[in-house]
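As structure tokens, the structure follows; a few thoughts come after it.
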Amino acid sequence: LSFFCAFLTFLFAFLLPLFFFHLPRTDVMMVTPWLAPIVWNGTFDIDILNAQFHKRDVHIGLTVFALKKYTVFLENFIETAEKYFMVGHKVHYYVFTDRPQDIPSLSLAEGRTLDVTEVTSYKRWQDVTMRRMQIISENCLQRFIFEVDYLVCADVDMIFSDHVGVEILSDVFAAIHPGFFQANRKKFTNERRPRSHGFIPKDEGDYYYTGCYFGGTVEEVYKVASFCHNALWHDESYLNRYFLYYKPTKVLSPEYVWNNYYGSSVYVPSKRFVHVEKDYVRIRSD
Ligand code: 2GW
Ligand code: MN
């Protein structure tokens with residue numbers, strides 16, 4: 001019975017107002033304490049946003065790294081991005097790989113291009129994941145700044161499974177890690193050793209942001225990436241440290257980086273960008 005009552009409350013308090021009266025959501029935080037929007041389903045009108053971004057003829061870059069065995073993820077990543085990512089806008093995929101011969105040729109919609117850049121790989125996984133930051137920051141100055149307005153930087157072991165559009169764009173944005181959006185900050189897996197450059201004290205930290213998805217204007221992404229590439233160990237810790245002091249101007253809800261490992265959540269009805277299940281040992285072995 002209590003379950004049933006909870007369900008009715010949920011229906012009348014949250015879902016029905018949303019559908020029938022277009023009222024703002026009241027079940028989740030929609031704005032951060034520093035007044036950055038938190039992007040949830042049902043909080044934006046995509047037609048208004050699309051019109052605004054089309055007027056500015058915005059070009060969006062999507063950077064993705066597929067090194068060693070991770071090249072297997074690329075086809076699904078791009079194919080689902082064609083269906084759901086920034087549809088109708090100018091999109092420039094930047095693929096970085098050590099195995100250019102393994103990159104399949106994919107047909108893209110009009111206004112969308114894909115560049116493959118060869119990079120060297122590393123033995124240590126921390127070097128593989130963190131060198132992404134170095135490569136992104138170098139390319140900001142050499143290329144991105146001349147070719148795109150915004151950059152979105154993502155893991156490759158992901159698929160798009162629902163709309164991801166210009167509502168995510170802002171000067172600098174980060175996404176809340178799906179495993180921590182209801183967690184107390186004491187539970188965040190931040191770097192706790194004071195001598196580390198990634199150090200965050202137990203009583204600080206706004207959200208726990210994921211390392212697999214962030215972005216913003218080329219200028220802002222350059223700042224994030226150059227801060228993080230000095231990391232010794234874990235890129236995600238540095239990203240969280242950076243965003244503690246240089247707050248994101250938009251925060252994406254976990255709809256934008258879901259992981260089915262965390263099950264399903266009533267707060268996340270649309271899972272827009274989802275981690276693919278992988279055999280960790282096999283995919284990460286040389
Ligand atoms: C190799 C050995 C161990 C771990 C990763 C890799 C590896 C990563 C690789 O052989 N080839 C490769 O292209 N990558 C790239 O790094 C690829 O783009 C991948 O999506 C990304 C992050 O690695 P991944 O997806 O295995 O890490 P997750 O899913 O556990 O992601 C979180 O933790 C990472 C650790 O640094 C990052 O912070 C990542 O951004 C997080 O989402
Ligand atoms: Mn990943």
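The values are calculated or read from the model by the stated rules, or taken from the named source; none is laboratory data. As the structure is a prediction and not an experimental result, all values here were calculated from the model. With ideal geometry, Cβ positions are generated from the backbone for all residues, glycine too; neighbour counts draw on all protein chains shown. These accessible areas exclude ligands, DNA and RNA; they are computed on the full protein's heavy atoms, side chains included. Shrake-Rupley method; radii C 1.70, N 1.55, O 1.52, S 1.80 Å.
Summing charges over neighbours of residue 279, with a neighbour being any other residue whose Cβ is under 13 Å away from its Cβ, gives +2 when K and R count +1 and D and E count -1. Structure shown: which of 202/247; 83/187; 68/202; 187/278; 123/187; 68/247 lie over 27 Å apart, alpha-carbon to alpha-carbon? As for pairs spanning more than 27 Å Cα to Cα, those are 83/187; 68/202; 123/187; 68/247. Per-peptide packing, taken as the mean over residues of other Cβ atoms within 10 Å, places 147-156, 126-135, 48-57 in the sequence 147-156, 126-135, 48-57 from highest down. For the chain, the mean residue ellipticity at 222 nm estimated from helices alone is -7500 deg cm²/dmol, where every DSSP H run of n ≥ 4 contributes -39500 (n - 2.57) and the total is divided by all residues, rounded to the nearest 500. Of all DSSP beta bridges confined to the chain, the antiparallel ones make up roughly 30%.
In the context of the full set of protein chains, the chain has a per residue accessible area of 51 Å² (1.4 Å probe).
Between residue 267 and residue 47, the contour length at 0.36 nm per residue exceeds the Cα-Cα span by 76.9 nm. Computed over neighbours whose Cβ is under 13 Å from that of residue 265, the net charge equals -1, Lys and Arg +1, Asp and Glu -1. Report note on the peptides 33-46, 232-245: ranked by the mean count of other C-beta atoms within 10 Å, highest first, their order is 232-245, 33-46.
For the pair the range 249-283 / the range 90-105, the C-alpha centres are spaced 23 Å from each other. Sorting the segments 137-146, 114-123 by their mean number of nearby beta carbons within 10 angstrom, highest to lowest, gives 137-146, 114-123. When each full DSSP H helix of the chain is screened for a Cα extent of at least 20 Å along its own axis and an average Kyte-Doolittle hydropathy of at least -1.0, the helices passing are 125-139. Figure note: 261, 222, 208 ranked by solvent-accessible area, largest first, 1.4 Å probe, ligands and nucleic acids not counted: 261, 222, 208. Restricting the calculation to Cα atoms, every distinct pair contributes to the Kirkwood radius of the chain, found to be 19.8 Å. Within the same chain, lysines fewer than 8 places from residue 90 are excluded, and of the rest, those with a Cα less than 18 Å from its Cα are 55.
Between residue 247 and residue 163, the C-beta separation translates, for a Förster distance of 25 Å, into a calculated FRET efficiency of about 0.45. If you roll a 1.4 angstrom probe over the protein chains with everything in place, what fraction of the accessible area of the range 208-276 belongs to carbon and sulfur, to the nearest %? For the range 208-276, the apolar C and S fraction of the accessible surface comes to 56 percent. Treating cross-link reach as a plain straight distance, find the aspartates and glutamates whose alpha-carbon is under 13 Å from the alpha-carbon of residue 271, omitting any fewer than eight places away in the same chain. The qualifying aspartates and glutamates are 162, 255. Shown is the FRET efficiency for residue 185 and residue 223, computed with R0 = 30 Å from the Cβ-Cβ distance and rounded to the nearest 0.05: 0.80.
Label sites at residue 123 and residue 75, each approximated as a point 7 angstrom past Cα along Cα to Cβ, lie 3.2 nm apart.
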